[in-house]
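Novice: Before we start, here is the structure in question, set down as structure tokens.
No lab work stands behind these numbers, since they all come straight from the coordinates. Note that the structure is a prediction, hence the values are computed from the model and not measured. Heads up, the Cβs are rebuilt from the backbone with ideal geometry, glycines too, and the neighbour counts pull from every protein chain shown.
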Amino acid sequence: MMLTNERVIAQVKIKKLHPEATIPKYARAMDAGFDLVAVEDVLVAPGQTAKVPTGLAFALPEGFELQVRPRSGISAKTKLRLSNAPGTVDAGYRGEVCVLIDNTRLPSSARKTSCLDVSEKEVTVPQEVDPNSYWIKKGDRIAQGVIAIVPLAEFEVVDELDETERGAGGFGSSGITG
């Protein structure tokens, strides 16, 4: 780990598992995330989850993780959602990083040779599909990756926990209005 211009730099090794895999890069100097790109075409039918390969494996330094997060444009424009956002790629994992994507659209009774792409535009596909399907094309930016520091916790079993204003108040305990 290095510190330059007040930013932590994690030395991350990447292995291309597919010749057409896209090496990640940051779009702008102050971006937190870099794009993860589909390395093959994948159809995501309504109500289904698809595993979209990136063709990349990462060697993260100990004490870091790769978080796989949604791209805001896809979330805003489509009914595609990441299944386990943020997904965690542990420092010890050396296999291919894939992105789990859900299509939350409802199935249609129609069959067509067109469906939607990741920008919600109609595209022609090589087979009959439910028109509420999404066709993720090789080269589509499908998620973003963020490298994060992971502190190691030391657990201590105690008989009592310290008191706080919130206490044991859980889901919805702070109300819904200001």
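Novice: Simple spin-label model, 7 Å along Cα-to-Cβ: S72 to V150 in nm?
Specialist: 2.7 nm
Novice: Follow-up. Based solely on its DSSP helices, what 222 nm [θ] is calculated for the chain when runs of n ≥ 4 H residues each add -39,500 (n - 2.57) and the sum is averaged over all residues, nearest 500 deg cm²/dmol?
Specialist: -1000 deg cm²/dmol, from helical runs alone.
Novice: Which residue, R28, R81, R94, has the most motion in a Gaussian network model of the chain that connects Cα atoms within less than 10 Å?
Specialist: Residue with maximal mean-square fluctuation among R28, R81, R94: R28.
Novice: Of the candidates E156, E120, E65, which one comes out as most mobile in a Gaussian network treatment of the chain with C-alpha springs shorter than 10 Å?
Specialist: Of the options given, E156 has the highest mean-square fluctuation.
Novice: Stretched out fully, how many nm does the piece from K138 to E62 gain, at 0.36 nm a residue minus the Cα gap?
Specialist: In short, 24.2 nm is gained.
Novice: Let me ask something else. Does anything in the range 101-117 have its amide N under 16 Å from the 7 Å Cα→Cβ label point of H18, and if so which residues?
Specialist: Inside the label zone: 101.
Novice: How do S133, S75, S119 rank when sorted from fewest to most other Cβ atoms within 10 Å of their own Cβ?
Specialist: Ranked by crowding around the Cβ, least crowded first: S119, S75, S133.
Novice: Add +1 for every Lys or Arg and -1 for every Asp or Glu among the other residues with Cβ under 12 Å from the Cβ of A27, and state the total.
Specialist: Combined, the nearby Lys, Arg, Asp and Glu give +2.
Novice: If you don't mind, another one. What is the distance in Å between the Cα centres of the range 130-172 and the range 67-115?
Specialist: 16 Å
Novice: Over the range 13-149, what is the mean sequence separation of C-alpha contacts under 8 Å (at least six apart), divided by residue count, expressed as relative contact order in percent?
Specialist: Relative CO of the range 13-149 lands at 33 percent.
Novice: Roughly what percent of Cα-Cα pairs across the chain reach past 27 Å?
Specialist: The proportion of pairs with Cα distances above 27 Å equals 43 percent.
Novice: Check which residues have an amide H placed less than 5 Å from L36's amide H, if you skip close sequence neighbours.
Specialist: For L36, whose amide H was placed from the backbone, the distant partners under 5 Å are I142, A143, Q144, G145.
Novice: Pick out which of T22, T113, T104 has the largest mean-square fluctuation in a Gaussian network model of the chain, springs linking Cα atoms closer than 10 Å.
Specialist: T113
Novice: Please compute the modelled spin-label separation between Q127 and R7, points set 7 Å along Cα→Cβ, answer in nm with one decimal.
Specialist: 4.1 nm
Novice: Dipole size in debye (nearest 20) for the chain around its Cα centre, Lys and Arg Cβ +1, Asp and Glu Cβ -1?
Specialist: The calculation lands at about 1180 debye.
Novice: Using the beta-carbon distance between F171 and T49 and R0 = 25 Å, what value does 1/(1 + (r/R0)^6) give for FRET efficiency, to the nearest 0.05?
Specialist: E(calc), rounded to 0.05, equals 0.50.
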